[in-house]
Each structure stands twice: as structure tokens, then as C-alpha cells.
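Report on the following structure.
Any read-out appearing in this document is the output of simple, stated calculations on the displayed coordinates, not a laboratory observation. Just so we're clear, the structure is a prediction, and the values are computed from it rather than from any experiment. Cβ placement follows ideal geometry from the backbone for every residue including glycine, while neighbour counts extend to all protein chains displayed.
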Amino acid sequence: MAAWQPQQVLITGDLSEDANPAAYERVLQALLTLGVPTCALPGNHDEDAVMRRYFPAGPWGGPYVGRAGEWQLVLLKTSITGRIDGAINPTDIAVLSGLLGAKSQRPVLIALHHQPVAVGAAWIDRYMLQEPGVLLRLAEAHEQVRGMVWGHVHQAFASVAGHVQLLSCPSSAANSLPATRRFEHDPAGPACRWLLLHADGMLETGLLHSA
């Protein structure tokens, strides 16, 4: 990743398997070597109270709203203590609706941990975002929303819903082959997704593999 020289890093959740502070510290120290802004989403394995001490730029008191170049970046919390699947607080949906209704001219990228659409893998589609239609309809109703990204699924996935690109971010630890009923190790290894956000709303993307 350092060789690619990113301008910003977005982490889509599950920074630690057990919310151990030492794990967050290791991730933080590795990212500090990049010297760029970082924002992070909590995943179902994370613990908000611990994680936010290391990654304060996140959706801790409601949606996190920031900038990514000329784009507006909105992080939505979907993790729920004690559950593997996810949900969005209705209050956060109302905040997002108000933000999108402000008619900003900036393209918008929405980020969350749980997948809002099925990715075709039974083992993880059991644990997707609950009532995803609310979020998807809201995004599709506002032309400035150009992308939606998430983690959780341990594989790369890409689709389109109207003007919105739907993109999963693979795991930087371990991934599964796509379209499997059970987790099946992907020999391609860990990976991350890069995003190139153009000022006119065009979004380019691809994968970086650790090897």
C-alpha cells in the first residue's frame, strides 16, 4: 500500500478479532507510517469503546461526515453488540437523508461494514445488513450518491444500482473464494480495494494484493 501512495485510508471494520487494544495499536502504528488521514468503521468483531480510542475519525456518535478529495464521505455504523449481522439506527438514516437533501454538489461515497446486498456467498449472506432497502432507496433517490462500499464479506464484489456503484472491500487478513456455501480460502491472499474519486463523480476502483 505504501508504494501506491494513497491520499487517505478508509478501514471498513473488524480491525481486531477480539477487540484487544494491542491489535488496534498494531494497526494504528502500521497506518501511521503512511502519513495520511485515516477513518474507520467498527465491525461485528470490534468494540466501539476500545476502537474509538485509536481511531477517533469514525461513526461513534452518529454518521461520520468527512471529505475525500472533492467527494463527501459518509460512514454509517452497522455493527450491533453481540450480533454478527448488522443494522442502521433509524436516527442515522434520518441524518443521512437530511444530508443528502441539502443538495450538495459534491459526489457522495457511503461506507458501512455490513453488505447491503447479497454477494452470492451463503456463509456470509446470512449475516448482511437488515432492512437494506431503506438505505438503498435513499441512495438511489439522490443523484450525488455515486458509491457505496463495505467490508465484512471477505471477498471482492462489484455491482451497480442505478447511478450507485456497490463495492465490497476484501480482507487484509484472509479471503474466501466467491460464490461458496462455506468459507473457502482464497489462495490469492489478503487484499484491499483502491478507489480513485474524480471531481466529476466518476469512480475508478481495483484491488491491491499483499503479494
Checklist outcome for this item: Percent antiparallel among DSSP beta bridges confined to the chain, nearest 5, equals 50 percent
Item to check | For a label point 7 Å along the Cα-to-beta-carbon line of Glu131, residues of the stretch 83-106 with backbone N under 18 Å | outcome: 83-98
Next on the checklist: I need the helices of the chain that pass two filters: whole DSSP H segments spanning 15 Å or more by Cα along the axis, and mean Kyte-Doolittle score no lower than 0.0.
Outcome noted: 21-32, 90-101
Checklist outcome for this item: The simple spin-label model distance between Val50 and Val36, using points 7 Å out along Cα→Cβ, in nm, is 2.8 nm
Checklist outcome for this item: Taking the chain and counting helices only, DSSP H stretches of n ≥ 4 at -39,500 (n - 2.57) each over all residues, the nearest-500 ellipticity at 222 nm comes to -6000 deg cm²/dmol
Next on the checklist: Below 8 Å, C-alpha to C-alpha, sequence gap of six or more: please give me the relative contact order for the chain in percent.
Outcome noted: 15 percent
Next on the checklist: Let me spell out the model: positive unit charges on the Cβ of Lys and Arg, negative unit charges on the Cβ of Asp and Glu, origin at the Cα centre of the chain. What dipole size does that give, in debye rounded to 20?
Outcome noted: 220 debye
Checklist entry - What share of all Cα pairs of the chain, in percent, falls into each consecutive 10 Å distance bin? => result 8, 36, 40, 15, 0
Item to check | Thr91 versus Ser104: modelled label distance in nm, points set 7 Å from Cα along the beta carbon direction | outcome: 2.1 nm
Checklist entry - How big is the antiparallel share of DSSP beta bridges in the stretch 1-121, given as a percent to the nearest 5? => result 40 percent
Checklist entry - Over the stretch 1-118, what is the relative contact order in whole percent, taking alpha-carbon pairs under 8 Å and six or more residues apart? => result 24 percent
